Amino acid sequence: MDELELVRPMPSHKNSAEEFKREFFSCGEKIINGSALLDQMEYDKWLENVERNSSPETARKDWVVADTFFAVRKADDRIIGMVDIRHNLDNEFLSKYGGHIGYAVRPSERRKGYATQILKMALQHAKSIGLSRVMLGCYSDNLASIKTIEKCGGVLAETKPYVDGKPMNVYWIANI
Ligand SMILES: CC(C)(COP(=O)(O)OP(=O)(O)OC[C@H]1O[C@@H](n2cnc3c(N)ncnc32)[C@H](O)[C@@H]1OP(=O)(O)O)[C@@H](O)C(=O)NCCC(=O)NCCS
């Protein structure tokens, strides 16, 4: 496994971000967790939205301030994954289900330890913005995510139905 870095999305990422997105779709994955809706939006509009949501002055009223990053492999600048770190849970969906951090690794780069590396870096960022406890949610059958969260210190708080009725787990990580 190579070293990654969290990079703020820029206009220059347009082609590689679109290629990243296409890989999920071609594997039948319509949702990209932690992408702040890159899966539903055209890149330029999405970038504008991500930039707006990163500041308390301009964040959308129906969401919270959030920092969205590409996890880029240093060796070749390839986008390996994405992660979204929300500054608070002052939103009904996030406080019940979504939590502070969402993330995904592109299908061709899974099972190499990258999610664990991404979550560790996200926790450092969360700490730098003052989050000493972090909530994460995932489906109860998402073994890969459960293992990733547990490896980073996650403690299961509850299991309950997600909005679609499927069971989900809620974890908290003490981030001190
Ligand atoms: C969940 C996800 C991020 C894991 O990414 P990854 O880079 O493959 O994870 P890692 O390589 O760091 O593996 C973490 C652990 O999960 C295990 N794991 C990974 N994929 C697995 C699978 N399909 N089944 C069982 N265990 C799996 C790994 O073996 C590792 O555990 P170990 O260290 O004990 O061996 C990736 O599968 C993904 O993007 N899924 C779709 C989006 C998603 O579910 N996001 C999380 C919810 S917010």
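Suppose we filter Arg86, Arg110, Arg106 for residues that are touching a Gly at 6+ places or on another chain (Cβ under 8 Å), basic (Lys, Arg) and free of Cβ contacts under 8 Å to residues at least 40 places away in the same chain; which single one remains?
Result: Arg86 is the single residue among Arg86, Arg110, Arg106 that is touching a Gly at 6+ places or on another chain (Cβ under 8 Å), basic (Lys, Arg) and free of Cβ contacts under 8 Å to residues at least 40 places away in the same chain.
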For this session: For region 31-51, enumerate the residues that are of a type in the set (Asp, Glu) and outside any loop (DSSP other than H, G, I, E, B).
Result: Asp44, Glu48, Glu51
Exercise. Where residues in region 124-174 are surrounded by 18 or more Cβ atoms within 10 Å (Cβ to Cβ) and of a type in the set (S, T, N, Q), which of them is farthest from Glu92 (Cα to Cα)?
Worked result: Thr148
For this session: Return the residue satisfying two criteria in turn: it lies in region 115-146 and is touching a Leu at 6+ places or on another chain (Cβ under 7 Å) and aliphatic (A, V, I, L, M), and of such residues it is nearest to the ligand (Cβ to nearest atom).
Result: Ile118
Seminar exercise, completed: Apart from one, (1) more than 8 Å from the ligand (Cβ to nearest atom); (2) basic (Lys, Arg); (3) outside any strand (DSSP E or B); (4) farther than 25 Å from Asn53 by Cβ all hold for Lys112; the odd one out is (1)
Exercise. Residues of region 116-140 being among the polar types (S, T, N, Q) and in contact with a strand residue (DSSP E or B) (Cβ under 6 Å, 6 or more places away or on another chain), which ones?
Worked result: Gln117, Ser140
Exercise. So which pairs qualify, if the first residue must be in region 114-132 and more than 16 Å from Gly81 (Cβ to Cβ), the second must be modelled with pLDDT of 95 or more and surrounded by fewer than 18 Cβ atoms within 10 Å (Cβ to Cβ), the Cβ gap must be under 8 Å, and the two must be at least 6 apart or on different chains?
Worked result: Ser132/Ala174
For this session: Could you tell me which of the residues Asp39, Asp44 is within 19 Å of Pro11 (Cα to Cα), within 13 Å of the ligand (Cβ to nearest atom) and of a type outside the set (Lys, Arg)?
Result: Asp39
Exercise. What is the number of the single condition among (1) within 14 Å of the ligand (Cβ to nearest atom); (2) farther than 30 Å from Ser16 by Cβ; (3) in a strand (DSSP E or B); (4) of a type in the set (Asp, Glu) that Asp84 does not meet?
Worked result: (2)
Problem set entry | The listed residue being more than 16 Å from the ligand (Cβ to nearest atom) and in contact with a strand residue (DSSP E or B) (Cβ under 8 Å, 6 or more places away or on another chain), out of Ala59, Ala66 | Ala59
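The values are calculated or read from the model by the stated rules, or taken from the named source; none is laboratory data. Nothing here was measured: the structure is a model prediction, and the numbers come from that model. Here the Cβ is made from the backbone with ideal geometry for all residues, glycine too, and neighbour counts use every protein chain on show.
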